[in-house]
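Here's the structure we're looking at; comments come further down.
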Amino acid sequence: MSFDNIEGGFTIRCSRDAWETTKSEVMEDFTGEDVTLQTGRIVEIAIAVGISEEELQSPEYGDDPYRTSTESIDQYNVLKTLIEVRHPDEDADGLQDTMIQYFEGGVQIISSEVEEKDYFDVDQFLPVEVLNKD
């Protein structure tokens, strides 16, 4: 099964408190004079961190979750492809749930790191080859 079997986007949710911490820190780290990071890119970063760390967490978002549509993220289907490869036996609903769990997992990892270290060390999630672009 694949995400291609899903018509349109679907809504993903996560804990609002963890999201606000994640969004604020990632915005601060990646926004410069010539760059403004869109919210969809932060969602992608959180999903990528969840995938990288193999951190699937069931969302515990309470009454006021952060919500976004997948229509605005992963336009080149990189994250979706990674999820399909890692979870080949999932049907379309299972793939949706898995993306939501990776999103929650990534948000929790980033927000926990910010709370513990007072910053998000993005370098630990990127290969050395990407960091040394000389």
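Suppose we keep just the alpha-carbon trace of the chain; what are its Rg and Dmax in angstrom?
Expressed in Å, the Cα Rg and Dmax of the chain come to 14.7, 47.
Counting pairs of alpha carbon atoms under 8 Å apart in space and at least six apart in sequence, what relative contact order in percent does the stretch 10-129 give?
Details: 152 pairs, mean separation 51.1, N = 120.
Relative CO of the stretch 10-129 lands at 43 percent.
If R₀ is 30 angstrom, what is the calculated FRET efficiency for the pair Asp93 and Asp17, using the beta carbon separation as r and rounding to 0.05? It would help to have the intermediate numbers written out before the result.
Working: r = 27 Å, r/R0 = 0.90.
With a Förster radius of 30 Å, E is 0.65.
For the stretch 37-86, what is the charge dipole size about the Cα centre, in debye to the nearest 20, if Lys and Arg each add +1 at the Cβ and Asp and Glu each add -1 at the Cβ? Intermediate results must be reported in sequence, preceding the final value.
On the way: 4 positive and 10 negative charges, 47 e Å.
That gives the stretch 37-86 a dipole magnitude of about 220 debye.
With helices defined as uninterrupted DSSP H runs, which ones in the chain have an alpha carbon span along their own long axis of at least 18 Å and mean Kyte-Doolittle hydropathy of at least 0.0? Could the numbers behind the result be given before it?
Details: long enough: 16-30 (20 Å, -1.22); 39-52 (20 Å, 1.41); 92-117 (37 Å, -0.31).
Answer set is 39-52.
Helix-derived [θ] at 222 nm for the chain: sum -39500 (n - 2.57) over DSSP H runs of at least 4, divide by residue count, nearest 500?
On the way: 5 runs with 68 residues, N = 134.
-16500 deg cm²/dmol, from helical runs alone.
Between the DSSP loop rule and a limit of at most 11 other Cβ atoms within 10 Å, which GluC sites (Glu not before Pro) in the stretch 30-121 are left?
On the way: sites: Glu33, Glu44, Glu53, Glu54, Glu55, Glu60, Glu71, Glu84, Glu90, Glu104, Glu113, Glu115, Glu116; in loops: Glu33, Glu53, Glu54, Glu55, Glu60, Glu90.
Sites meeting the loop and neighbour criteria: Glu33, Glu54, Glu60.
Mind checking the dipole of the chain: about its Cα centre, +1 per Lys or Arg Cβ, -1 per Asp or Glu Cβ, Debye to the nearest 20? Could the numbers behind the result be given before it?
Numbers: 9 positive and 33 negative charges, 58 e Å.
Its charge dipole is roughly 280 debye.
Roughly how many nanometres apart are two label points built 7 Å out from the Cα toward the Cβ at Ser72 and Glu116?
In this crude spin-label approximation the distance works out to 3.0 nm.
Computed from the coordinates by the stated procedures, all read-outs in this text should not be read as laboratory data. Just so we're clear, the structure is a prediction, and the values are computed from it rather than from any experiment. Cβ sites come from the backbone with ideal geometry, for glycine too, and all protein chains shown count toward neighbours.
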